[in-house]
Amino acid sequence: MIKGPRVREALCVNLVALVSLVASFVAMRAARQLGVVPYFYQRYYEPAIRVACGQPFATDRDGRLSREMSAFLGLERAVLSCEAVPPPLNPDPNPPTRIWYHLFVTVAAVWRVTGISWAAIDGIAAFMMSISAVCVYGIFRLWIPAWIAIPLALVSILPGLRYLLYLRDVSKAPFILASLVVVAWLASRNLSRARFLALMVGIGLLLGMGYGFRPDVLIALPLLAATATLFRPAPLGRIWLGGIMGSFLMAGAFVLAARPVFSAFSSNVGSCHWHFSLLGLSDESTRQLVLPRGNVSWLSHPDDLIVWRSVESYAERVLGAPTVGFCTPTYDQVSKAVYLETITTFPGDFLRRALAAGGHTIAYGFWGLSPARRLDVATLSAWFRYAILAGSLLLWVVVILTLLARNLRLGLFGCFALAYLSAYPIVQFHPRHFFHLAFLAWVPVGLVLTFLVKERRGLRGAVRTNEWRPWLAGLELPAAAARIRAVAILAGLLVFAGAVLIGARWYQEGRVAELFGRYLAAPGEVASVVETTEKDDRLRITYAPVVSRGGRDVTGRMLRVDLGGPACAAGAHELTLSLNGPDPGYEFRQDFRLALSPSRPATSLFSPMYFQRLRLDRVSIELSRNDKPCLIGAKWIDSAALPALWVGVTINGGD
């Protein structure tokens, strides 16, 4: 016989699921009415179509599709019948898109019931958001009453509603949040060894399935392993070995469930994980983090092709490797080398970005509630941004201090889990990558509300009589020694983090000084001007192509532009670099604001340029006509004289 509390809990879970499901459909309808066009790489859904029609998972190597299939994949029609899906003449069972195997199979299963249509995918996205809300409710329910957990769970998924029409973004949320339910459960409940190992196997299988939706779920594995090994409610000496065993079982279950995805890697297809990490270094990510751009630019634009060209250039210059292709195993190795060299050269900047990401992520549950259609933290006013960040941090400090005072293990777990979850979005900082973490802002709110509800009678009496001592005396506060210990531990952790940051900045200064010193000392050849035009008080200087007719299709060159001189007035000067080619609609522009002063009368701008034959082969400089005397010249630096790592940088005279 089912007990009453279980029935009530089931009703609460179903209420959260139903309300979030309805809210998801309402949000999707509103977005469509506003003209939002769903985009989740629909042109790659050929395998899903074939599986839905009873064919094996495959694509046609020669791209020979029926007219109806091409129109459907091109979003020119909304529905498709299996009569228009002939078997592939040259099937490829392991195409690059096999890395989305579980997503495609899930879509195919739905299409078998509903018929093949893009509208049917709305139901998948809504269901995933509903499951996400239930997972958040499960996290809250470990410490918070149901009647508080329900509204907090629902408000936590509101920021994610704007991403429902982008299936690949929303698809990761239920898998990551389900893993966080397990993390919270492991840290707060004492399980038998059999139940613990079964739970680790189960979450490994689930994350292996999620990997075939979106690889982002990998981020949950280290947190699960650390929690299982270090933070379960038992002495460390009794749990660490079982934690390691459970972590290995979880990893094995993950590989087993993700095995259909790994088949793609047997056909010269890589994971592309490091490619996505490099995208997170773009100037756009810096803007999203609300960090000053400074004088260094790792990636001018968050563009897949720019990253690919930079990796190809690195392979040519540093490794002497042939063309590596895009997202191949070799590409993974080279892009990893680029990323790790960037981190080891700029560790201080990476830590600063992690701190910024942590602050914005913790507060996202608040600022993400804005009704703005296109929202990022950089669009918020500074006072509002700082207010919600300060409020979020204050609430979490109260929670962490309380945990450290009452239960050292839980307090350390809270510090570790919060730091990990809030900082990992640095990999690619954009709300679509961390909207599922909005609940972090509401966890301390729920805990504080739970405390206030528990003490409501005493609080009412204290407020009514204005006598607070009896109420404070009745509270079950930790001993003074425990409170002092909590403050000391948190202060120690903050001091340690500050020392690491200072040490990283000191190390970085030496590496960067050497790097940019070689930039300045490297010889070069003057860039040949082929065209100079003036329009609307703007001067545009176009330089001769430097892409050879033979050899590699993609290559890189470092451009040095020098400004200053006695004829150049002190002050700010604006300059635009443009990389373009035969296609006038395909151009990458970078704007620079360079300051000159009597103490710094000259500046040198270094900008990596990655060319592609017949696509991008020319560079232009635009500046004000009045600034023409400031342009000392431009030259192409000898690549052999430069270090391996290329970044854009402005170096002022006297620095």
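Spatial offset of region 186-247 relative to region 28-97 amounts to 37 Å, using the alpha carbon center of each. When Rg and Dmax are taken over the Cα atoms of region 48-177, they come to 18.3, 59 Å. For the chain, the Cα gyration tensor yields ellipsoid semi-axes of 46, 35, 24 Å (square root of five times each eigenvalue, largest first, whole Å). Dividing the C-alpha radius of gyration of region 246-318 by 2.2 N^0.38 Å, with N its residue count, gives 1.53. About its Cα centre, region 170-288 has a charge dipole of approximately 500 debye under the convention of +1 per Lys or Arg Cβ and -1 per Asp or Glu Cβ, with nothing else charged. The gain in end-to-end length when the Met245 to Leu375 segment is fully stretched comes to 42.5 nm, 0.36 nm per residue minus the alpha carbon separation. Structural descriptor for the chain: relative contact order 12 percent, calculated from alpha carbon pairs under 8 angstrom and at least 6 residues apart. Listed by chain and number, the lysines placed with their C-alpha closer than 22 angstrom to that of Lys535 are Lys628; residues fewer than eight positions away on the same chain are left out. The alpha-carbon atoms of region 514-592 define a convex hull whose volume equals 175 cubic angstrom per residue.
Candidate cross-link partners of Lys336 among the aspartates and glutamates, defined by an alpha-carbon separation under 18 Å and a same-chain spacing of 8 or more, comprise Asp216, Asp303, Asp304, Glu312, Glu316. Take every pair of alpha-carbon atoms less than 8 Å apart whose residues are at least six positions apart; their mean separation over the length of region 522-652 yields a relative contact order of 39 percent. The label-point distance for Asp553 and Arg67, in a model that sets each label 7 Å from Cα toward Cβ, rounds to 3.1 nm. Summary of packing: across the peptides 121-128, 107-114, 491-498, the per-residue average of other C-beta atoms within 10 Å ranks them, highest first, as 121-128, 107-114, 491-498.
If the chain linking Ala499 and Asp304 were pulled fully straight, counting 0.36 nm for each residue of separation and taking away their Cα-Cα distance, it would gain 66.6 nm.
The angle separating the long axis of helix 304-314 from the principal Cα axis of greatest extent in the chain is about 60 degrees. Entry note, the chain: the mean residue ellipticity at 222 nm calculated from DSSP H runs of n ≥ 4, each adding -39500 (n - 2.57), is -17500 deg cm²/dmol after division by the residues and rounding to the nearest 500.
Taking every alpha-carbon pair within region 522-652, the share separated by more than 19 Å comes to 50 percent. For the chain, the Cβ-based charge dipole about the Cα centre amounts to some 2540 debye (Lys, Arg positive; Asp, Glu negative; other atoms uncharged).
Sorted largest first, the principal axis extents computed over the alpha-carbon atoms of region 361-458 equal 44, 31, 21 Å.
Hey, quick one: spin label on Phe588, modelled 7 Å out along Cα-Cβ, who in region 611-626 has an amide N within reach, i.e. under 17 Å? The answer is 611-622, whose backbone nitrogens lie closer than 17 Å to the label point.
Take each peptide in 591-601, 65-75, count the other Cβ atoms within 10 Å of every residue, and average; sorted highest first, the result is 65-75, 591-601. Pairwise alpha-carbon distances in region 139-201 exceed 13 Å for 71% of all pairs.
Laboratory data are not the source of any read-out in this text; all were calculated from the coordinates shown. Every value quoted in this text rests on a predicted model; they were computed, and no experiment measured them. FYI the Cβ positions are ideal-geometry reconstructions off the backbone, even for glycines, and counts take in every protein chain you see.
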